[in-house]
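To keep things clear, I will list the structure first and then write my remarks on it.
The values are calculated or read from the model by the stated rules, or taken from the named source; none is laboratory data. Since we're looking at a predicted model, the values are computed, not measured. All Cβ positions, glycine included, derive from the backbone under ideal geometry; neighbour counts span all protein chains shown. Surface accessibility is based on the protein's heavy atoms, side chains included, excluding ligands, DNA and RNA. Shrake-Rupley method; radii C 1.70, N 1.55, O 1.52, S 1.80 Å.
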Amino acid sequence: MKNNRRDFLKMGGLTAIGLSSSLSPAEAGDAAQAQIDQLMKDPKQTFNMSGYAAPKIDTVRIGFIGLGNRGSGAITRVNRIANVQTVAICDIRPAKIANALKALKKMDIEPITYTEKEEAWKEMCQRPDIDLIYIATPWHLHTPMAVYAMQHGKHVACEVPAATTLEECWQLVETSEKTKKHCMMLENCCYDFFELLTLNMARQGYFGELLHVEGAYIHDLLDANFKQDQYYDNWRLKANMRNGNLYPTHGLGPICQLLNVNRGDQMDYLVSIQSDDFSMQKKALELSVKDAYFKQFVDQKFRGNMNTTTIKTHHGKTIMVQHDVSSPRPYSRIHLLSGTNGVAMKYPEPRISDHHHEWIKPEQMAEMEKKYAPPIVAKIGELAKQIGGHGGMDFMMDWRLIDCLRNGLPLDQDVYDAAAWSAIVPLSEVSVNNRSRSMNVPDFTRGSWKTNAPVDISLNQGANTGVKPPKV
């Protein structure tokens with residue numbers, strides 16, 4: 001079945017069928033859905049990575065790939081955690097390597113370097129003295145690097161999204177199961193303070209039965225996407241020539257944890273609708289007048305401004321997730337959860353209902369944050385704020401990953417989460433390209449979601465990983 005699935009994809013791919021001019025919208029939608037269904041007919045799960053505890057690693061030896069926007073901060077942040085050793089770093093750009101070495105030298109760290117060659121990262125993954133590969137590269141490289149690293153005996157921590165196609169999602173799942181190596185998508189928003197607070201409150205029944213959740217990535221990146229030195233080879237601008245919700249996981253990850261998706265419930269199907277583009281092509285035209293480099297983008301068709309994707313779960317819950325990176329709007333991930341007894345919403349400011357159709361007062365919020373503080377926040381929350389990384393959530397994510405690896409504990413995010421949350425990218429694309437056709441969401445757990453345990457937020461048997469003092 002695995003080979004049949006891949007042969008089926010080689011016939012043209014989901015996007016190609018969805019855009020075929022020889023088919024009516026209804027026929028194209030039927031053809032696309034047939035491919036989705038084919039992808040879902042997979043053999044039984046070979047090994048369940050949900051709840052899997054890999055052997056303990058006392059000192060986690062790490063190799064970093066990608067030292068740009070995300071990687072440059074990760075290398076110093078991760079090295080504030082005790083029992084971590086940075087063995088090697090890799091980036092195709094020598095200048096990024098030089099900057100990283102300068103930062104690490106202040107921490108008395110001198111890693112092996114890999115640079116200039118397109119596949120230098122493969123040489124690093126082949127090293128026997130690395131336990132974890134930390135990937136912070138352009139999106140299209142995430143899956144190839146993660147798969148190769150697992151095949152060479154490494155656990156993987158990969159920036160978001162972990163995959164850009166359904167086939168890549170399955171590659172991650174199959175490789176993780178076969179090698180018994182963790183593949184964690186680095187969804188830092190699952191470790192933000194309000195998201196953790198509401199997860200703990202939901203676990204304790206404060207909101208009653210959750211029935212609807214919302215998340216988003218609404219972030220004005222119009223100027224940043226067109227800056228030639230912002231993203232390597234303008235990869236992010238080029239990625240925006242694809243329809244759909246291209247970056248769903250910041251909003252989706254935390255609300256999937258609220259609904260226990262892959263761990264008691266499962267995303268069943270989705271519908272996606274998208275506005276036209278009113279900003280990006282216009283920006284390309286404006287810039288091309290002054291800079292000939294941008295003329296190549298003038299005739300390109302960019303994704304629309306706002307994508308809205310709605311999802312229904314097997315247990316009847318609903319999810320809305322939005323994506324807009326080209327409208328002049330204040331930043332928002334929404335993070336709204338609605339239950340039978342209460343509501344919470346993060347933006348424009350954190351608010352929680354008091355079960356009587358009103359938001360609780362600010363002084364009550366402070367009491368709530370203290371009463372329902374999750375164990376990880378109680379233990380390292382203040383330290384995380386000092387070390388930083390999006391207000392501290394990046395550090396809490398890294399610390400929790402290392403603590404789980406050191407103590408032989410299941411990770412908070414497993415390969416099924418990486419696949420399911422990333423799958424919204426291609427599924428929403430097909431839906432948009434076929435007049436918002438309803439699309440089935442593959443079950444990457446092959447049915448084990450019915451018995452998988454929810455994410456453990458109790459710091460069970462862990463929390464003994466320390467932090468290194470800063471170098472003066």
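Structure summary
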item: Cα-projected label distance for Ala373 with His355, points at 7 Å along beta-carbon direction, nm; result: 2.4 nm
item: Three-way shape label, the range 50-110, alpha-carbon gyration tensor, a/c 1.5; result: prolate
item: Pairs of lysine residues in the range 142-267 - Cα separation under 30 Å, sequence separation of 8 or more or cross-chain; result: 4
item: Integer Hz, Karplus 6.51/-1.76/1.60 couplings in order for the range 217-231, x for Gly and Pro; result: 10, 10, 8, 6, 10, 4, 5, 4, 5, 9, 6, 5, 9, 7, 10
item: For the range 186-215 and the range 143-166, distance of Cα centres in Å; result: 27 Å
item: For the range 66-131: relative contact order, % (alpha-carbon pairs under 8 angstrom, 6 or more apart); result: 33 percent
item: Size of the range 215-274 as Cα extents on the principal axes (Å, biggest first); result: 44, 21, 18
item: Length-normalised contact order of the chain in % [C-alpha pairs under 8 Å, at least 6 apart]; result: 23 percent
item: Mean Cβ neighbour count within 10 Å, used as a protection proxy, ranking 381-389, 248-256 highest first; result: 248-256, 381-389
item: Under 19 Å from the Cα of Lys370 - lysines, other chains or at least 8 residues apart; result: Lys346, Lys361, Lys379, Lys385
item: Packing-based ranking, highest mean first, of 169-177, 424-432, 409-417, 239-247 given that Cβ atoms within 10 Å are counted; result: 424-432, 409-417, 169-177, 239-247
item: Volume in Å³ per residue [convex hull over Cα atoms, computed for the range 315-472]; result: 206 Å³
item: Rounded, prolate or oblate (a/c below 1.5 giving rounded, otherwise prolate when a/b exceeds b/c) for the range 48-160 by Cα gyration tensor; result: oblate
item: Inverse of mean 1/r across different Cα pairs in the chain, Kirkwood, Å; result: 23.0 Å
item: With eigenvalues of the C-alpha gyration tensor scaled by 5 and rooted, the range 315-368, Å; result: 24, 18, 7
item: Fully extended contour minus Cα-Cα distance, from Ala53 to Ala120, at 0.36 nm per residue; result: 21.1 nm
item: Solvent-free Debye scattering, log10 I(q)/I(0), computed from the Cα coordinates of the range 104-199 at q = 0.10, 0.14 Å⁻¹; result: -0.32, -0.60
item: Net charge, Asn99 excluded, C-beta distance under 10 Å - Lys, Arg +1, Asp, Glu -1; result: +2
item: Average accessible surface area per residue within the chain, 1.4 Å rolling probe, Å²; result: 42 Å²
item: Shape of the range 181-307, Cα gyration tensor, a/c cut at 1.5; result: prolate
